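Presented below is the structure to which this report refers.
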Amino acid sequence: MSVINRMLRDLDQRQQQQSKGSYTPAAVAPQPLHWTWMIGIAVGTAVVIIVLLNIYWWLTTDTDTVVQTVEAPVTNQPTVVPAAAEEPTNPVDEKAETESETASKPALQRGPVKPRELVQIPASSSESAATELEEVAAEAEPAVSDDTLSQRAVAVELEPEAEVEAPDDTPSTFAVERVQLSPNELAETNLQKARSALRRGEREQGQELLEKALTVMPEHVAVRSELAAYWYGRGFATRAVAILQQGLDRVPQQSQWQLLLGRILERMGRIEDAYIALQSLDSSTAEYSDLLEVRGNSANQLGYFTEAAQDFLALANLNGEGRWWLAAAVAFEDAGEPAAALRAYQQAAFARDLGVDARRYAEDRLQALGGS
């Protein structure tokens, strides 16, 4: 029994020793974090993130230009991009920028860029295929100048700050000189424009320009004459007569207006008005011969044979034509002046430009009047 008791005591001692060695005191309960600590941790994290973003932005925008490559489909020739000139920067910043560029854009390989350097970026994802294409293109094509390469290059350059040339402080001055045209010059200008418009068939515009010119210069001969002819051609003969009569009221012996007015009145059947309008003529004008003809014909139709004979006789002496000698002879005979008619018939018979029938008529009248 003593042995058993001793064994039990030994077992009890071993168990107590084991229980003391493996005993682990109870862990202290964790204390909950205070809310102020949580806010501080959040604020600190935000500050760190903002600082990192600012550093990254500063590194990516420090260089002058950023070359943006556009992925193009695979072609037979590599896309050539002219690299923008870069200024030397801090080695530390350059290294950090290179690392950031490599991390953000692993497909873009950038090296030290020199001014006017052409950086070749293969359009295909396979560098070996692009190199073979470059070699084949170099062998097949002749040497190409830098200007041609620059034309073939596809590049999009983004500048952080566009350089705008400062405006020149020196004000650009110019003088506006007003040129005052005289009424005659202004009328001539409108007259030329009116003629051009009428040639183009723009009749209304031509009419307006003629009327403007006439308003500026009422005594302009060509403007008033062409405006009257315009209205007569449009079928407004009365308006044409009024325009010419207004001009003759200003300048009574204006030969061009007299001649145009006399012919219009004659064609309108207003023979008496035509004869009255041509009572006073200027013999020094170029239209004097035509004026005598119109007035003589009007007088002959009105039965004013003596007046008509005087006008025809003046035409015969002025031009030396046989037809006017014959007309004067007939008018004198109708007026009851046989002696004057006989002299006129003799002049007509000797005129070389007279026709056969007219000459025979003059000879017959000479015999009838007792002339030889």
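Just round it to a whole percent: the fraction of Cα-Cα distances in segment 194-260 exceeding 19 Å.
Numbers: 589 of 2211 pairs.
Percent of Cα pairs beyond 19 Å in segment 194-260: 27.
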Stretched out fully, how many nm does the piece from Val43 to Arg267 gain, at 0.36 nm a residue minus the Cα gap?
69.7 nm
Probe 1.4 Å, all protein chains in place: accessible area of Asp290 in Å², nearest 10?
60 Å²
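Rank these residues by their accessible area, most exposed first, probe 1.4 Å: Ser284, Ser225. Please list the in-between numbers first.
Details: Ser284 95, Ser225 15 Å².
Largest accessible area first, the residues go Ser284, Ser225.
At 1.4 Å probe size, put Asp311, Asp334 in order of accessible surface, largest to smallest.
Values: Asp311 10, Asp334 85 Å².
The ordering from most to least exposed comes out as Asp334, Asp311.
Using a 1.4 angstrom probe on the protein heavy atoms only, could you order Trp58, Trp231, Trp35 from most to least accessible area?
Working: Trp58 115, Trp231 15, Trp35 155 Å².
Sorted descending by solvent-accessible area, the residues read Trp35, Trp58, Trp231.
Determine the sum of side-chain charges near Trp324: Lys and Arg each +1, Asp and Glu each -1, restricted to other residues whose C-beta is under 10 angstrom from that of Trp324. Kindly include the intermediate steps, with their values, before the conclusion.
Values: positive: Arg323; negative: Glu293, Asp311, Glu321.
The answer is -2.
DSSP loop GluC sites (Glu not before Pro) in segment 198-296 with at most 16 other Cβ atoms within 10 Å of their Cβ, which ones? Provide the component values of the computation, followed by the final result.
On the way: sites: Glu202, Glu204, Glu208, Glu211, Glu219, Glu226, Glu266, Glu272, Glu287, Glu293; in loops: Glu202, Glu219, Glu287.
For GluC sites (Glu not before Pro) across segment 198-296 that sit outside H, G, I, E and B with at most 16 neighbouring Cβ atoms in 10 Å, the list reads Glu202, Glu219.
Carbon-plus-sulfur fraction of the accessible area of segment 240-368, 1.4 Å probe, in percent? Before the final figure, lay out the partial values.
On the way: 2950 of 6490 Å².
Answer for segment 240-368: carbon and sulfur cover 46 percent of the accessible area.
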Would you check the accessible area of Ile50, probe 1.4 Å, heavy atoms only, in square angstrom rounded to 10?
100 Å²
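The values are calculated or read from the model by the stated rules, or taken from the named source; none is laboratory data. Predicted model, so just to flag it, every value in this text is computed and none were measured. Counting neighbours? That spans all protein chains shown, and the Cβs are built from the backbone with ideal geometry, glycine included. Keep in mind that these areas ignore ligands, DNA and RNA; they rest on the heavy atoms of the full protein, side chains included. Shrake-Rupley method; radii C 1.70, N 1.55, O 1.52, S 1.80 Å.
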